[in-house]
Amino acid sequence: MNTKGKFLLIILSFSIISYSLIGAPSAYSQEVRDVNPPLLLDINSNTFDIGDTIFISGSVRDYDRSSDTHSSDVTVTIKSPTNNIAGVAQITPKTNGDYNHTFVAGGQMNKAGEYTVTAFWNNNIATVTFELTGVTGSNVSTPSVESESKQSVTETPAVESVDEEPEFILDEEPVMEESKSGGGCLIATATFGSEMAPQVQFLREIRDNTVLQTESGVSFMAGFNQFYYSFSPVIADYERENPVFKEVVKLTITPLLTSLTILNYVDIDTEEEMLGYGIGVILLNIGMYFIAPAAILFKIKNRK
C-alpha cells in the first residue's frame, strides 16, 4: 500500500472512531429524553362509543406553581377526523404536576373515525389518538362511583325498580367542551392572570348568555373556534414566559373588550338581531384595528 493509501485509511479510521464517540452519547441523551419527557398524556381507552366518558390524564415534569414560567395551565384539544376542533379544556395541574379532565363523546364528537387528543404546555406538545365508533352505547367500563351508588340502592328494600339501567341523555349537544369545563378563553386568561378575572368572566358571559343563544351565534362560534384554537395555546404560553409580550397583548385586546360591551346594552331575541349586532361589532373592530391605523399612517405620510 502506498503512502497515499495509508493516509486515506488513517483518515477513514479516525472518522469512524470519532462518529462512535460522538454518536453514542447523543443516542443515550435521546433515550433519556424519551424516558422522561416534559409532558405526558394518556386516555382510558383506544375506542369509544357515543355517550362514553373519555378520561384524559397526564403529568407535567417541571410544573412549579411558584414559578412564573413553569406554572402555566395545560391546554387540551380534541380534533375530529376532518381536523375540526371537537373539544377544548384548560386544566390547572396539581402541585405534583398531575392533571386530568373528562370529556363525554357526543355533541361535536359524533362522527366515526380517528380523533386526535393534543396537550400543550410551555411549548411542549403530547399527542394520543382514539377511535370513535359513531354508535350509541358504552364500550368503556362504567366509573366506580356510579357502580357504588347503584349497589347502595339495591341494598335498600324500600326502593323498587332498581334493575333499570341508567340511560345516557344525548339531547343536549354542547358547542365546545370548554364551556362546561371553565376556561377556554386562553389568551385572555393568560393576559389577565386568572380565569376569575373580570375581563375573562365578561367574555365567557358574552359567549354563553348572548352569542350561543342563537343558531347563527352557534355557527359563528364553531367557525371561530377552529381559527382561535389553532394559535391561542402558543400565544398564551409565550405570554406567561414574556411579561413584555403579555402587556402588548393586553393593550391590543382592550379595544376588542370595549367594543363587546355594546352587546350588554341591547336585547338580542332573534336571529336577525344577532346577525345585525354581530356584523356591526365585527365591522367596528375592523375599523379600529385596520382602517383607523391605516388612515393615520396615510395622513402622516402625506404631511411629509
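Observations
- Looking at the stretch 1-108, none of the strands (runs of 3 or more DSSP E) lying wholly inside it contains 3 or more residues that are acidic (Asp, Glu), surrounded by 20 or more Cβ atoms within 10 Å (Cβ to Cβ) and at pLDDT 90 or above.
- Listing of helices (runs of 4 or more DSSP H) fully contained in the stretch 199-267 that carry 3 or more residues being outside the structural domain of ILE125 (by TED's automatic domain parsing) and at positive phi: none
- Residue list for the stretch 173-202, filter: of a type in the set (A, V, I, L, M), modelled with pLDDT under 60 and over 13 Å from the mean Cα position of the chain (by Cα): VAL175
- Some residue of the stretch 294-304 being under 30 Å from ASP73 (Cα atoms) and either surrounded by fewer than 16 Cβ atoms within 10 Å (Cβ to Cβ) or in contact with a His (Cβ under 7 Å, 6 or more places away or on another chain) (or both): no
- Scope the stretch 185-224; condition more than 22 Å from ILE279 (Cα to Cα) and without any contact (Cβ under 8 Å) to a residue 12 or more places away in the chain; matching residues: GLY193, SER194, MET196, ALA197, PRO198, GLN201
The values are calculated or read from the model by the stated rules, or taken from the named source; none is laboratory data. In this text the structure is predicted, and so the values were computed from the model without any measurement. Note: ideal-geometry Cβ built from the backbone for every residue, glycine included; neighbour counts use all protein chains shown.
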